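Notes follow the structure.
Taken together, the values in this text are just the output of simple stated rules run on the coordinates, not laboratory data. Only a predicted model underlies this, so the values are computations on that prediction, with no experimental measurement involved. As a convention, Cβ positions derive from the backbone with ideal geometry for all residues, glycine included, and neighbour counts pool all protein chains shown.
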């Protein structure tokens, strides 16, 4: 983790050295010297990454490196603030430029003196780290296997191999499925992967499958190999040979112990070539381990099988390239099985005493169905006895502390920590950052990506945007089962995550230990002042904001703070104590007006005032020259000042709100901008802007060539030509939302050339005809037409779109018939038909919409009967009727038992299955 801090500081150092024109004589050379020393230290940190946990002396040294890096960052940021000049024009601007070096001379000398002192500390640390070079050169020479020999902790997961089946719960369904995969299927070699986060019981489940009589009798040869993070491939191959020969009760040939890796692989390959075998590779951490092992296993045609267990989804799928349907994603235990396992361990199989049930269920909820956590925590509770209610309650309140200090939970902590320790350096900060979110908090995808980028965690990659790199980071954490998916959109995009409670407790401890972040809530009296980030969690009362020591604070986030008036003691501090703040997220704090102190935070990169009552942004917003994210979503701001165009680094401008309308939709309202907003050439998201011909907004849009998401409101027919011309320049555009000033106003977009990467298209307004280019939207997954009032069936232009997953027609068609033709809409899952007043018939030919899962019919009053056999669509699961004629329900189909119908009449909802 310290490596990430040093990398970030090195980037700042390089920028100052190369770009700053006001450096004192000799100061640039001092900074270069510090940079060179830090680069050397960083290279060593990458070798030593994670080793400090087993070496107390090294841990102290790493902390010193981290502290001095923070001090350098503080000095550089204070230096940058000292050089901030208020905007002036004319003669004042000239005089300011002439006198500025003299006015700032004293401050620059003070900071230079600080840097000289820091340089001495860096040299001292650099000399001290020389003693570690020999130690780690030995580690590099011997490989990762040395790490496991030096680590006194013994992994208890091997105990899972000794569990009796009576001690396990909830394994019947997955066990039966896995057994079926092993003994069934083709005669060719197949690989089965069991994937899931640490502690889910992958090893225990696989062992029960491996030992089942059906599997034992089906295969002639069996071997169980535990890979783990650190391994010697020759030791693993020799272990496999010993198991294979022991099974046939023959001694291992004497020459095997002297063979190298290639000869061992060849020996195993020849031995298994004519046999039906089952090999388990347990706890596979990387694709490299699979590559080293797979060539020893012959691809014969005797029905042989390989099973692997892993935490990494990409490893699981990579091993099953030729049998992708053989990846089993192991899920947490459902509530009923969790309770059964908990009672079995905590009460020795007896029922839970009534006086402990509420406490037990609260504790169990924190385990989130993780078997290892349930077993570990219930084991601790079993030692307390059922009469000591106070101790049970104490454990419930302080589960994080129990995790930290209880020997019985030490192994659980170590197992879950392995996932963190195994991360590459660039992901450790990203994962630790999740600790700032409250327990059970649903973490928005975009919010997390924006925060990571502005915090400096996302490295620059040639040919990729920061957002694309951050997406890759999230994918890696998902693959390693360290974050869980909470919400997925209809077109398959992940838009929210959650973190297991126990893993979060571990991250909190590591975060505090490394001064990465601290949590302030009514239970904590004061933050230490060393943390770079503070998250305020409070849902019951106002937080003790005055107790925050902001000496090193870079980020301040609030969650569940119900009342934060502008007179709060926090706000004056923003200008003074919090002058180095880079991230300010007040999305969960009540504010009536835009705090004027914010515009003095010259280092600010991320500002979120989402959901506030504020209705005005001051003109001084232009002072925030480093701002990259401005999130004013769901505020009452309707206009931005002209100074907004000075924010040349702004990447995401989110300013809109929803209000319920009378036509069954939520209306979206944007903001008015002054002329010149096209100068924001770094913008990637512009949501959403009101069109205005007078200020040239539509033409300005064409200069924002980095845009990936654009929402333009209040369009008029005469805007069409300029709009089409501007959008033609936006080659990166993925989301486009166009809305006319009035439902009857025509959207003139026939001449539009849609960007080739367009994925989502929303058109609100009258269309004289369906645009001819609609049939070329090959990448579009979601298509909404509202108020289009088309006279001809629009489906013909859309039915061949290969990736269309969701379609909505809302007051979009005035005809009497819609025809879904054979082979049309091959990937469509969701369909909404809303306020099609004249629609009388729906024709669905055989073979249409083969993947349709949900159909919603709303206020289509003229529709008197459903298409013949529509209920027989195999994939259709739900049909929603909202404000529809009752005649539609007269026909009942006994064969549609898979179908759930939801009826909504006058706001009353009923469901029939």
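For the pair residue 186 and residue 246 in one chain, pulling the backbone fully straight at 0.36 nm per residue adds 18.8 nm over the alpha carbon distance.
The calculated FRET efficiency for residue 845 paired with residue 485, based on their beta-carbon distance and R0 = 30 Å, is about 0.25.
How many percent of the alpha carbon pairs in region 156-329 exceed a separation of 20 Å? Present the calculation step by step, with values, prior to reporting the outcome.
Numbers: 7609 of 15051 pairs.
In whole percent, the share of Cα-Cα pairs in region 156-329 beyond 20 Å is 51.
Modelled label positions at residue 692 and residue 214, each set 7 Å beyond Cα in the direction of Cβ, lie 7.1 nm from each other.
Given R0 = 25 Å, the distance between the Cβ atoms of residue 288 and residue 471 translates into a calculated FRET efficiency of 0.55. Given their separation in residues at 0.36 nm each and the Cα-Cα distance between them, residue 28 and residue 699 gain 237.2 nm when the chain is fully extended. The label-point distance for residue 63 and residue 81, in a model that sets each label 7 Å from Cα toward Cβ, rounds to 2.7 nm.
D by Stokes-Einstein for region 577-706, Kirkwood Rh over Cα pairs, 4 °C, 1.567 mPa s: 86 µm²/s. Cα extents for region 715-840 along the principal axes, largest to smallest and rounded to whole angstrom: 39, 30, 19.
Computed over region 437-502, relative contact order equals 36 percent, with contacts defined as Cα pairs under 8 Å that lie 6+ residues apart.
The ellipsoid equivalent to the alpha-carbon distribution of region 740-795 has semi-axes of 19, 12, 11 angstrom, derived from the gyration tensor eigenvalues as √(5λ) and listed largest first.
Going 7 Å from the Cα of residue 173 in the Cα-to-Cβ direction, what parts of region 331-354 have a backbone nitrogen less than 17 Å from that spot? Output list for this probe position: 331-341. Modelled spin-label separation between residue 495 and residue 258, with each label point placed 7 Å from Cα along the Cα-to-Cβ direction: 6.7 nm.
With an 8 Å cut-off on Cα pairs and a minimum separation of 6 or more residues, tell me the relative contact order of region 756-834 in percent. Computed over region 756-834, the figure is 29 percent.
If R0 equals 51 Å, the separation of the Cβ atoms of residue 750 and residue 275 corresponds to a calculated FRET efficiency of about 0.15.
Extension gain for residue 462 to residue 365 (0.36 nm times residue separation, less C-alpha to C-alpha distance): 30.5 nm. For region 437-502, the alpha carbon convex hull comes to 98 Å³ per residue, rounded to a whole number.
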